[in-house]
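Participant: Here it is, the structure, as structure tokens.
Nothing in this text is a laboratory measurement; each read-out follows from the coordinates by a stated rule. Here the structure is a predicted model, which means the values were calculated and not measured. Cβ placement follows ideal geometry from the backbone for every residue including glycine, while neighbour counts extend to all protein chains displayed.
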Amino acid sequence: MTRPAAAAGPMRLVPTAWDEVGNDVMQSVLTGKSMKVRALCLTTPDVVIPIVFVPGIMGTRLKVKGRIKDAAWFPPDGGWESLVLALRHIGRTAADRQRLLNPATTEVDDDGPAFPDDISKTLLGFAPGKTDAERIKWRGWGQLHASSYLSILSLLESSMALIFDPASQGKKLTSHWQDLVMSRQDAAKLGAQKPFKPLQERQLQDAAEFLYPVHAVGYNWLQSNKVSAQRLASEIERITAYYRSKGRSCEEVIVVTHSMGGLVARACAQLPEMAERILGVVHGVMPAIGAPATYKRIRAGFEGIGQVVLGRNGAECTAVMANAPGPLELLPTAQYKTWTNQGERHWLRVSYLGIGQRGLPEEMESFLGEGDPYAKIYLNNTADWWKLIREDLVNPAGREDRERNTRTERALHGNLRRPDFDRYAQNLQKASELHKLIHQRYHPRTYAYYAADPQRPSWNEVQWKCPVSLPDDIKTAKHRDDNLNGEIFLAFKKDIARRFVLQDPSGPGDGTVPAESGAAPTPYVLQISSMREN
């Protein structure tokens, strides 16, 4: 925002609103002479560059379509809400979860709680609406999980509006920018992976001449990210059109993404004329080539709060994720490889005790489903025990309806004889198409950062492990039993069984996205940083 020719002394920020044609309007109150706090009024620039924030999977609130308060996924924003959410979902079966989290019957909810800090709330004053709640809703902030993203939105709003200290008449950077940006411009500290040029104050002076309102664009993360990309494109058009209607110049936006939101933005940039509407992109911890955690969760359930709604075990997760293209688009692509000291290797393996070259027992390993992961793992409907999907877990809701012999099955699921695996295969095909669409494609002005923190281990690979020797080739083993939480029993010749356990995550990352996937954009972006906790 434009800096005032303000006098010295303590000041309070007064909201700047717009009238019908976009003129700045400020309202304050008169005070006595003893009140020394001055009213600070900021005028808005003529050029607007909206910042559009796109969250990760499960970061957008979802409701049942057409029902205002009927939650499909309202993530908790506190300890009490977490307890309520758990109690609400604890008794739900896999079929219940499939029905609730149906991509066709859910939509984005924009009525979530959003309580920005006082400065950000004041800066939201020129958004349309008569109340703080209306203005926040128009900006899209209520679409996102507040506990995860509200502080980020507020930080962006206040930081970009107040680059320079208003009391200095625009001559001195705020302490915030000085401490968090200018004094920390060290390539090593920032984890910069490419040649690094420090930001100059004159560049910030140029940047301060524009207005950067922060918008949030959620999406139905159960649907394909190609569908979500269309929603993002529509929102970019709606947002920029509003500012133009107020007499401002507004043609481009800056897109900031988190996790799966990066896939949405990359798909959006492939739509006709959308690359030109995006000034630049910043991707944060994007699973650029997928995440093996997706395989783990379909086979063994979610961790943390995600398990409450999406599934505590493989049956519940398969019922949701096999019927939703969005989550399947987080599966490792054909380009995904695990980093090792010996080089790159396939991400799915099994280890067991064997006899080494020196005749002594040692851990051996075999890779599973090497080559084309779509054909050999994801669309594998044979007896191979390492395959992703069990057909009997795909459609529990349809199975219940068939057993009741109701019209619901015919209405919702079509042909009663249609194999359940085919339902899943159609969704996997959508995921494969998304992977092909965005393969090695990034906006030409893209920056990124990813986590490579060993203190936040991620599944950079999936390992099944048996601590004893095997009576036969592991690939001849037959599936005998599965607790659907990462423990299976395989049968070998003479009906000998062995127990295998899915191992905990061990690769550096952010707890979900491994460094291998986060770093994949490196050849295609202007700068990328590797982050870890100090």
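Participant: Given the chain, what percent of its DSSP beta bridges are antiparallel, to the nearest 5?
Facilitator: Given both bridge residues lie in the chain, the antiparallel proportion sits at roughly 55 percent.
Participant: Once you charge only the Cβ atoms, +1 for Lys and Arg and -1 for Asp and Glu, what is the size of the charge dipole of the stretch 327-375 about its Cα centre, to the nearest 20 debye?
Facilitator: 120
Participant: In addition: Given the Cα-Cα distance of Lys493 and Asp384 and 0.36 nm per residue of separation, how much length would full extension add, in nm?
Facilitator: 37.7 nm
Participant: Distance in nm between label sites at Leu353 and Asn483, each 7 Å beyond Cα in the beta-carbon direction?
Facilitator: In this crude spin-label approximation the distance works out to 2.0 nm.
Participant: Follow-up question, since we're still on this one. What FRET efficiency, computed as 1/(1 + (r/R0)^6) with R0 = 25 Å and r the Cβ-Cβ distance, is obtained for Asp472 and His346, rounded to the nearest 0.05?
Facilitator: 0.70
Participant: Pop the C-beta distance of Lys130 and Ile90 into the FRET formula with R0 = 56 Å and round what comes out to the nearest 0.05.
Facilitator: 0.85
Participant: Let me ask you something else. Using modelled backbone amide H atoms (1.01 Å from N, in-plane), which distant-in-sequence or interchain residues come within less than 5 Å of Glu461's amide H?
Facilitator: Ser506, Gly507
Participant: Which of the aspartates and glutamates could be linked to Lys494 by a straight reach, that is with a Cα gap under 19 Å, when you skip same-chain ones fewer than 8 residues away?
Facilitator: Reachable aspartates and glutamates: Asp384, Asp472, Asp473, Asp481.
Participant: List the lysines whose Cα sits under 19 Å from the Cα of Lys65, skipping any in the same chain fewer than 8 residues away.
Facilitator: Lys137
Participant: Right, here's the next one. Restricting to Cα pairs below 8 Å that are 6+ residues apart, what does the relative contact order work out to for the chain? Please round to a whole percent.
Facilitator: 16
Participant: OK, next. Based only on other Cβ atoms within 10 Å, what is the fewest-to-most ordering of Lys121, Lys36?
Facilitator: Listing Lys121, Lys36 from fewest to most nearby Cβ atoms yields Lys36, Lys121.
Participant: Suppose the chain between Met531 and Leu204 were pulled fully straight at 0.36 nm per residue; how much longer would it get relative to their current alpha carbon spacing?
Facilitator: 115.3 nm is the gain from fully extending Met531 to Leu204.
Participant: How many nm separate the modelled label positions at Val37 and Leu190, each set 7 Å beyond the Cα in the direction of the Cβ?
Facilitator: If labels sit at Val37 and Leu190, their model points lie 3.6 nm apart.
Participant: Run the quick spin-label model on Ala241 and Glu391: label points 7 Å from Cα toward the beta carbon, then report their separation in nm to one decimal.
Facilitator: For the pair Ala241/Glu391, the computed spacing is 4.7 nm.
Participant: Per the helix-only calculation at 222 nm, which mean residue ellipticity applies to the chain, given -39500 (n - 2.57) for every DSSP H run of n ≥ 4 and division by its residues, nearest 500 deg cm²/dmol?
Facilitator: It comes out at -8500 deg cm²/dmol, rounded to the nearest 500.
Participant: How many Lys pairs in the stretch 341-484 lie less than 17 angstrom apart by Cα atoms, where the lysines are 8 or more positions apart or on different chains?
Facilitator: 8
Participant: Here's a follow-up. Can you give the charge dipole size of the chain about its Cα centre, rounded to the nearest 20 debye, using +1 on the beta carbon of Lys and Arg and -1 on the beta carbon of Asp and Glu?
Facilitator: 360
Participant: Next question, about the same structure. Averaging sequence separations of C-alpha pairs under 8 Å and six or more residues apart, then dividing by the length of the stretch 132-254, give the relative contact order as a whole percent.
Facilitator: Taking the mean separation of contacting Cα pairs over the length of the stretch 132-254, I get 26 percent.
Participant: Based on Cα positions only, what radius of gyration and what Dmax would you give for the chain, in angstroms?
Facilitator: Gyration radius and largest Cα-Cα distance of the chain: 26.2, 96 Å.
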